[in-house]
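Single-structure report; data block below.
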Amino acid sequence: MITLSYKGKNTFLEAVNEKSGSDVLECYQCGKCVSTCPVSNFMDFPPREIMQMIKLELKEECQMANSTWFCLTCSACSGRCPREINIPAVMEAVRHMAIEENFHPDSKQVKNIRKFHEIFLDMIRRYGRNYELRMMAEFNIRTRNLFKDMHLAPKALLKGKIPLGVKSMKSAKAIKKMYEMADKLEQQSK
Amino acid sequence: MKKVTYFPGCSAHGTSEEFDQTVKMVMKTLDVEMEEIPDWNCCGATSAHTMNESLAYALPLRNLVLAEKLSNDTMTVPCASCYQRMKFTKIHMDENPELARKINTAVVGEGQYQGRVAVKSMLQYCYEDVGIEAIKTKVTSPISGMKIACYYGCLLTRPKAITQFDSPEYPMSMDRIVEALGAKAMPFDFKTECCGASFSISDTDVVLQLSGKILEMAKESGAHAIVVACPLCQSNLDMRQPDIEKKFKVRYDLPIFYLTQLMAMAFGYPKDKMMFSKHIVPVDGALAHIGEVIEEPKKTAKGKKAVKAESEVE
């Protein structure tokens, strides 16, 4: 069951406001964010509607929408918001709460986006830096889409656009440790 | 001689090796000595801040702390995404020393963070610290004749509160540098639209649509090429261009240069040093325009007025 309260905050709105450092109540629904957002046409609910849903305490609907996962954090919306709401931070707050509480939209697109981020972070945990080729290969394997972008491979590899290896860090161990500690800190703040 | 701390970022060893190489060449000509952060780590990019807040602060913070151990007071970052994460972390840590201490002691453990080092993108460093005049004096073989659309992407000038540089809507710093090199910077309305960034892999369709619009607008501006200062913008616009052309049944044939590649050309470095062979869209067509005379359209009374209005805005 999903609950509206979050970390001692009585309402979803309060929790989002605190986490994002913005006041969603300021939103007067002008829709400038929607017309500015380059991916609003991919979203279940464009930013304006997410803002209204937060005000209406529709926590589950917000968390189960793909919108926060599609947000590119390009900040075009917040740059034009007449109420100066940090919309990407609001999107991020909703997404982080969904991750913590294990609520995720079930669509294949969102699963892929999530998987990509997990694999990327896994590369950093292992090498301290991104291993691009391996990241792409693992993404194809883990999404069971082996031939994705294969048509690019001959050109990209031959031209050296994507190198075969990675120059990993000397203190890659320190990064592994940082991951453990960061996870601990996230657990504590729950 | 100026000295600056250098954070190359992961893609400098991968998809944007040519950016890294040409940055080094250009800085040498501009009499700037670059000192790389020893054993730097990935900034965490989009993935860290999407998934894990503590990690999103910790990864850049380690680099910021390491940068403070060097004597320079400025750090420069070529990749727009690395730059954004570093500057974002710096501003949040400076504003909230309590949080900085917490993340630093609980996660990073590399020593105290003081907030001493300024973080600037490569573009910002060239524009503010080196300056247009200094760049002009180093130009030995101008790239006049080339028409260029300057594409900044989302992260170099936005959000204003983080970057504190140029305009978030219609930046001009790169245009001014390109003009200092002798080329013509075209009016281009999609300067700060997003290319789709990390969706390149997770949801390629988004990138094909977003980057497609950017290419379309650049072509419409009359440009021979696009110039960028971000590895992800470059690979989305360059590597995905054949797919975009196929999907929308169009032909753009627009090479995507890094700003520093063009600077190095104008500074007289030989062509084979630019690593143009790594580009997917061939560059020769665009480079062939060098030396051509661009005929300015005759200014009508109305045109003059418009030009005046623009300079007044500045």
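Condition (residue is more than 25 Å from B:Leu254 (Cα to Cα), more than 9 Å from chain A (Cβ to nearest Cβ) and not in a loop (DSSP other than H, G, I, E, B)) applied to segment B:171-193: is it met by at least one residue? Looking through segment B:171-193, none of the residues is more than 25 Å from B:Leu254 (Cα to Cα), more than 9 Å from chain A (Cβ to nearest Cβ) and not in a loop (DSSP other than H, G, I, E, B). Residues of segment B:78-106 that are among the polar types (S, T, N, Q), buried (at least 23 other Cβ atoms within 10 Å of the Cβ) and more than 24 Å from the chain's Cα centre (by Cα): none at all.
The set of residues in segment B:243-259 that are of a type outside the set (Ser, Thr, Tyr) and within 14 Å of another protein chain (Cβ to nearest Cβ) comprises B:Asp243, B:Ile244, B:Glu245, B:Lys246, B:Lys247, B:Pro255, B:Ile256. With respect to the conditions (1) in contact (Cβ under 8 Å) with a residue 24 or more places away in the chain; (2) over 27 Å from A:Leu58 (Cβ atoms); (3) within 7 Å of chain B (Cβ to nearest Cβ), A:Leu152 lacks only one, and its number is (1). Criterion applied to B:Ser144, B:Ser202 was being of a type in the set (Gly, Ala, Ser) and away from chain A (no Cβ under 13 Å), and the one residue passing it is B:Ser144. Can you confirm whether A:Ile124 is closer than 22 Å to A:Phe139 by Cβ and assigned to a helix (DSSP H, G or I)? Considered against the rule, which asks whether it is closer than 22 Å to A:Phe139 by Cβ and assigned to a helix (DSSP H, G or I), A:Ile124 comes out as yes. When segment A:110-137 is filtered for residues that are at pLDDT below 90 and over 14 Å from A:Gly165 (Cα atoms), nothing remains. Of all the criteria given as (1) of a type outside the set (A, V, I, L, M); (2) surrounded by 24 or more Cβ atoms within 10 Å (Cβ to Cβ); (3) under 18 Å from the mean Cα position of the chain (by Cα), the one not satisfied by B:Phe199 is (3).
Which one is nearest to the other protein chains (Cβ to nearest Cβ), of the residues in segment B:42-65 that are buried (at least 24 other Cβ atoms within 10 Å of the Cβ) and in a loop (DSSP other than H, G, I, E, B)? Checked segment B:42-65; the qualifying residue nearest to the other protein chains (Cβ to nearest Cβ) is B:Cys42. Checking each residue in segment B:249-275 for being in a helix (DSSP H, G or I) and touching a residue at least 40 places away in the same chain (Cβ under 8 Å) picks out B:Leu259, B:Thr260, B:Gln261, B:Leu262, B:Met263, B:Ala264, B:Met265, B:Ala266, B:Lys273, B:Met274. Of all the criteria given as (1) in contact (Cβ under 8 Å) with a residue 40 or more places away in the chain; (2) at negative phi, the one not satisfied by B:Gly196 is (2). Filtering A:Ser67, A:Ser5, A:Ser107 for residues that are modelled with pLDDT of 95 or more and either out of contact with any helix residue (DSSP H, G or I) (no Cβ under 6 Å at 6 or more places or on another chain) or not charged (D, E, K, R) (or both) leaves a single hit, A:Ser67. Residue count for segment B:19-54 under the criterion of being closer than 15 Å to A:Lys176 by Cα and in contact (Cβ under 8 Å) with a residue 40 or more places away in the chain: the result is 3. Those helices (runs of 4 or more DSSP H) of segment B:70-161 in which 2 or more residues are within 21 Å of B:Gly9 (Cα to Cα) and among the charged types (D, E, K, R) occupy B:80-95. Scanning segment B:202-220 for residues being touching a strand residue (DSSP E or B) at 6+ places or on another chain (Cβ under 9 Å) and crowded, with 21+ Cβ neighbours inside 10 Å gives a total of 3.
Of the candidates B:Gly115, B:Gly109, the single residue that is more than 14 Å from chain A (Cβ to nearest Cβ), in contact with a helix residue (DSSP H, G or I) (Cβ under 9 Å, 6 or more places away or on another chain), among the small types (Gly, Ala, Ser) and surrounded by fewer than 24 Cβ atoms within 10 Å (Cβ to Cβ) is B:Gly115.
With respect to A:Ile141, is the statement that it is buried (at least 20 other Cβ atoms within 10 Å of the Cβ) and in a helix (DSSP H, G or I) true?
Working: buried (at least 20 other Cβ atoms within 10 Å of the Cβ): no; in a helix (DSSP H, G or I): yes.
The answer is no for A:Ile141.
Exactly one residue out of A:Glu26, A:Glu118, A:Glu84, A:Glu61 is under 20 Å from the mean Cα position of the chain (by Cα), charged (D, E, K, R) and farther than 30 Å from A:Leu146 by Cβ, and it is A:Glu61.
Scanning segment B:129-174 for residues that are of a type in the set (D, E, K, R), out of contact with any Cys (no Cβ under 9 Å at 6 or more places or on another chain) and surrounded by 16 or more Cβ atoms within 10 Å (Cβ to Cβ) yields a count of 4.
Once segment A:106-129 is narrowed to residues that are within 7 Å of chain B (Cβ to nearest Cβ) and among the aromatic types (Phe, Trp, Tyr), the residue that is farthest from B:Glu53 (Cα to Cα) is A:Phe116.
The criterion of at least 1 residues that are within 14 Å of chain B (Cβ to nearest Cβ), exposed (fewer than 15 other Cβ atoms within 10 Å of the Cβ) and not acidic (Asp, Glu) is met by the following helices (runs of 4 or more DSSP H) wholly inside segment A:1-105: A:32-36.
The values are calculated or read from the model by the stated rules, or taken from the named source; none is laboratory data. Remember, predicted model here, so these are calculated numbers, not experimental data. Because the Cβ atoms are built from the backbone with ideal geometry, glycine has one as well, and the counts that use them run over all protein chains shown.
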